[in-house]
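Reading through the structure tokens given below for one structure.
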Amino acid sequence: MKFAFRMALLDARASSGRFLFVILAIAAGVAALTGVKGFSESVRYTLAKEARTLMGADLMIRMNGAPNEAEEAFLAGLARQGIDYTPVTETVSMSASSSQSTPILTSIKAADLGKYPFYGELVFDPPAPQMSADTVIVSEDLLIRLGIHVGDPLKVGSHEFRIVAISRKEPDRMTTGFTLGSRVLMTRDGYDRTGLNIMGSRATQRILLRLPPGADVNTISAAARDAFGKRGRVIDYTEANPTLSRNMDRASSFLAMVSLIALIVGGVGVATSIESHIQQRMDHIAIMKCLGGTSIRVMQVYVAQSLLLGVAGSILGVLCGFIAQAAFPHFLAGYFDVAIELVVSWKPVVQGLAVGLLTTLLFTIPPLLSISRIRPALIFRRNMDERSTQGTDKASGRLASILAVGGIGLGIWFIAVWMSGSARIGSYFAAGLIGCIVVLAAMAKTVLVILKRSMTRFSSLVSPVVRQGVANLYRPGTHVTAILVSLGVGVMFTLTVQLLQDSLLDQLRLSSPPDSPNVFLINVTPKDKDPLLRLIRSQTGMIDVPEASPAVAGQLTRINGTPVEEIQLSEGEQRYFRTQFALTWSADLPKATEILSGAWWPRDTKESLVSVEENAADSLKLGIGSTLEWSIQGRSLTARVSSIRRTDAARVGANNQFILSPLALAGFPVIYYGAIRALPNSVSNLQRAVFESFPTVTVVNAADILEIVQSVVDRISLTVRFLSAFAIVGGVIILVSSVAGTRYRRMREVAILKTIGATRAKIVRIFSVEFLIIGGIAGAVGGGLAAVFSAIVVNRLFHTVYVVDWIPLLSTVLFTSTVAIAAGWAASYRILGQRPLEILRQAEN
């Protein structure tokens, strides 16, 4: 291959400008992929390095509910061994200021600030505030929402506190998971004064442990799992936050798939550029064959050239990937209270280089196959069309093209599986991406054919400028279809994300049944239940105020006598069914509920019976007569399955996994939850009235939840659009490459047009029409497919009719048209300055 590489370098000198675009096209895709994988490695490294800081401890026990006597005794035994521990309680509550009439939802954290956290540092503004049972520290967004300042009073639950500082950094925030509302940090004594610490409350408890030097963390973890295994989850720092790591792996796989789109677009650019280059070098190839070079020998030269381009583009992409990697923390700044340490890992670098090189080679297969169809006799036929390949065996050429396309598809599948780490996910993605490319190509071809025929038929009705601009689309070597596919893929994915973001949030607001609740009550005690409901019913604007639903926190321990941990379940199902459930009871069949098998119990039954939701029954393989056992505050409850049901998921309060007969939960500590429907403009008055009379009851407005969900979706969408923009950049590079590749043809056209009297302004309009049509078609086709895919997703999720929003579609067409015009003129503006006589003389030579 030494000769092949030498010839490849010599040949590349004549087309350095064209090959620059090939390198950039590959670099765009590799940069996106390397940035995603590199950031994932940086997060994983940071999680491992800062594991104790992110957890605030060496060991954490997470549970719903306070420790019972046996668990407290175990913790006391650890303390005697020199192991320090501190509890951290997290819940939600309503908070209000004296100057603000409407309370807001807040996320409460109660801790012993003398110990918490064992590792890491809490950063406050001003620093080192004096904390007591009557003071709190809050997040800055709470001050903004309530319009108050540090030093002002804040009522949380039934107690009024004074704000002494703003919380700037809580290193263990990532451990707490998704939180609702602004944050409030208080002492444990202060938490007791709020009245929120009630029996049966669903507050999350985290018990943090700090081990003395030399202690064996594995031994302590095993002992803690034995003591808390049925009620809590034990995590030590060596696990590097398994939930967050698992979620980051999933996000990394998804974003890697998004990056692969940009890489495939770059591959299309490679194919078009190499094909155009080979077409221009046909004479040179014919000469090499006349001098004794075989087709295989000539192919080696261009394979070597492709390898050099792939390596150069991959290296540039890896370097740019480090810049992209540095941008990701800005998208996720609200979720990381610890600085992500960006590291250079060899794994994403090797992956980027390998995938970039493989993509380059895959997409050079079709143009390389055309070398075998070039005959030496071509050199003696100077008047032949550049694309003439007389004597070619069309059947064998067609078969070779089919095999080449199949090889590209197989390569895309391999890369998708490798990047996702899952054969199933990678196969789905590869199939979807290939299908989208095929559909886009077919639609682009169809539109171009329709445009050409319409222009032929109605040519007398349009101006010469438009006719010439349309005719330019069919100029040899333009690769208009490839440009439309490349731009269309980027536009389609970017717009799909935007449309789904808007549509799903709209559907969340609109798809609920007309009588579904929009206000929810949390942590209602038995003594407050009846007077609270009376107060609510007395308020104006209340549409439906049903009875509150009872709930008892219990953990499923056995199924048909077999411990849950011994039952064959997936990892996700094990995590789900080993958490605590809000067990409830009901005498009557809930609304919008269908009994699939078995029967609902009689109202006077004294037996402990349970009705199981169909999905839980399928996962646990339950049938009528199966027995379930729960652990509730150290006591055991066993119930027999009497029915399996299906419930409309939008009906809050009826979609519990387990509903028991009325007497089954008698004697257990109970908390009530309510779901009511009120006029939207009356919710604020309701929140004020409830907070004034029942300050420990949390009143959640569904609109506030949607606002929080929207902020999360916005951040995710922004990250995805950032990556999909690389695909659009790749399409623009292909457009510029195509314009640069047809530079000499365009120069001859300009010379001829100027010779016959065309002005510079008219030529500008002709080229602008060409670029405008390319951008407009790419935007329209990509936007149309985005609308179709969004409609399918919305229909499958919500079973509703998708309503097309024309504003983003039209904006997309305008955007792609503008980008196409700008990119086209950036590559061809110098052509207008050429003198016709010089160009025509060059053409004769």
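On the given criteria, is Thr135 under 22 Å from Arg168 (Cβ atoms), β-branched (Val, Ile, Thr) and surrounded by fewer than 20 Cβ atoms within 10 Å (Cβ to Cβ)? So that I can check it myself, show each step before the final result.
Details: under 22 Å from Arg168 (Cβ atoms): yes; β-branched (Val, Ile, Thr): yes; surrounded by fewer than 20 Cβ atoms within 10 Å (Cβ to Cβ): yes.
Considered against the rule, which asks whether it is under 22 Å from Arg168 (Cβ atoms), β-branched (Val, Ile, Thr) and surrounded by fewer than 20 Cβ atoms within 10 Å (Cβ to Cβ), Thr135 comes out as yes.
Just checking, how many residues over the range 272-292 are within 30 Å of Thr494 (Cβ to Cβ) and in contact with a Pro (Cβ under 6 Å, 6 or more places away or on another chain)?
2
Please state which one of Tyr119, Tyr85 is at pLDDT 90 or above, over 13 Å from Tyr191 (Cα atoms) and either basic (Lys, Arg) or open to solvent by 40 Å² or more (accessible area, probe 1.4 Å) (or both).
Values: Tyr119 fails: at pLDDT 90 or above.
Testing whether each residue is at pLDDT 90 or above, over 13 Å from Tyr191 (Cα atoms) and either basic (Lys, Arg) or open to solvent by 40 Å² or more (accessible area, probe 1.4 Å) (or both) leaves just Tyr85.
Of all residues being open to solvent by 30 Å² or more (accessible area, probe 1.4 Å) and outside any helix (DSSP H, G or I) in the range 282-305, which is nearest to Ile437 (Cα to Cα)? Just the residue, please.
Filtering first and then ranking leaves Thr294.
Look at Ala822 and say whether it is at pLDDT below 80 and assigned to a helix (DSSP H, G or I).
Working: at pLDDT below 80: no; assigned to a helix (DSSP H, G or I): yes.
Spelling it out, it is not the case that Ala822 is at pLDDT below 80 and assigned to a helix (DSSP H, G or I).
Of Val485, Val466, which residue is of a type in the set (A, V, I, L, M), open to solvent by less than 40 Å² (accessible area, probe 1.4 Å) and either modelled with pLDDT under 85 or not in a helix (DSSP H, G or I) (or both)?
Val485
Would you say Glu72 is at pLDDT 85 or above, assigned to a strand (DSSP E or B) and surrounded by fewer than 20 Cβ atoms within 10 Å (Cβ to Cβ)?
Working: at pLDDT 85 or above: yes; assigned to a strand (DSSP E or B): no; surrounded by fewer than 20 Cβ atoms within 10 Å (Cβ to Cβ): yes.
Judged against the criteria, Glu72 is not a match.
Here's the yes/no breakdown for (1) in a loop (DSSP other than H, G, I, E, B); (2) among the charged types (D, E, K, R); (3) modelled with pLDDT of 90 or more; (4) open to solvent by 20 Å² or more (accessible area, probe 1.4 Å):
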position	(1), (2), (3), (4)
Lys109	no, yes, yes, no
Phe124	no, no, yes, yes
Ala128	yes, no, no, yes
Val150	yes, no, yes, yes
Pro171	yes, no, no, no
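From Ala780, Ala758, grab the single residue that is aliphatic (A, V, I, L, M) and assigned to a loop (DSSP other than H, G, I, E, B).
Only one candidate passes the filter, namely Ala758.
Could you give me the residue pairs with C-beta distances under 9 Å whose first residue belongs to the range 55-77 and is on the phi < 0 side of the Ramachandran plot and touching a residue at least 40 places away in the same chain (Cβ under 8 Å), whose second residue is assigned to a helix (DSSP H, G or I) and of a type in the set (S, T, N, Q) wherever it lies, and which are 6+ apart or on separate chains?
From residues that are on the phi < 0 side of the Ramachandran plot and touching a residue at least 40 places away in the same chain (Cβ under 8 Å), the pairs are Met55/Thr175; Leu59/Ser221; Met60/Thr175; Arg62/Thr175.
Within the range 740-776, take every residue that is open to solvent by less than 10 Å² (accessible area, probe 1.4 Å) and touching a Ser or Thr at 6+ places or on another chain (Cβ under 7 Å) and give me the one that is modelled with the highest pLDDT.
Gly775
Which one of Leu342, Leu403 is hydrophobic (A, V, I, L, M, F, W, C), more than 23 Å from Lys37 (Cα to Cα) and either open to solvent by less than 50 Å² (accessible area, probe 1.4 Å) or modelled with pLDDT of 70 or more (or both)? Explain how you work it out, then say what you get.
Values: Leu342 fails: more than 23 Å from Lys37 (Cα to Cα).
It is Leu403.
Looking at the range 24-52 only, could you name the residues that are open to solvent by 30 Å² or more (accessible area, probe 1.4 Å) and of a type in the set (Ser, Thr, Tyr)?
If the condition is that a residue be open to solvent by 30 Å² or more (accessible area, probe 1.4 Å) and of a type in the set (Ser, Thr, Tyr), then Tyr45 is the only one that fits.
Within the set of pairs 6 or more residues apart or between chains, which connect a residue that is closer than 18 Å to Glu613 by Cα and assigned to a loop (DSSP other than H, G, I, E, B) inside the range 564-583 to a residue that is modelled with pLDDT of 75 or more and not basic (Lys, Arg) with Cβ atoms less than 8 Å apart?
Within 8 Å, the pairs are Leu569/Ser619; Leu569/Leu620; Arg578/Gln555; Arg578/Leu556; Arg578/Val564; Arg578/Glu565; Thr579/Asn64; Thr579/Gln555.
Out of Glu565, Glu571, I need the residue that is surrounded by fewer than 20 Cβ atoms within 10 Å (Cβ to Cβ), modelled with pLDDT under 85 and in contact with a helix residue (DSSP H, G or I) (Cβ under 8 Å, 6 or more places away or on another chain). Which one? Let's see the steps before the verdict.
Numbers: Glu571 fails: in contact with a helix residue (DSSP H, G or I) (Cβ under 8 Å, 6 or more places away or on another chain).
Result of the check over Glu565, Glu571: Glu565.
For the range 584-642, how many residues meet the condition of being outside any strand (DSSP E or B), open to solvent by 40 Å² or more (accessible area, probe 1.4 Å), under 23 Å from Tyr673 (Cα atoms) and touching a Ser or Thr at 6+ places or on another chain (Cβ under 7 Å)?
Matching residues across the range 584-642 total 2.
The values are calculated or read from the model by the stated rules, or taken from the named source; none is laboratory data. Predicted model only: the values in this text are computed from it and were never measured. Methodologically, a virtual Cβ is constructed for each residue, glycine included, from the backbone with ideal geometry; neighbour enumeration extends over all protein chains shown. SASA here: full protein model, heavy atoms, side chains in, ligands and nucleic acids out. Shrake-Rupley method; radii C 1.70, N 1.55, O 1.52, S 1.80 Å.
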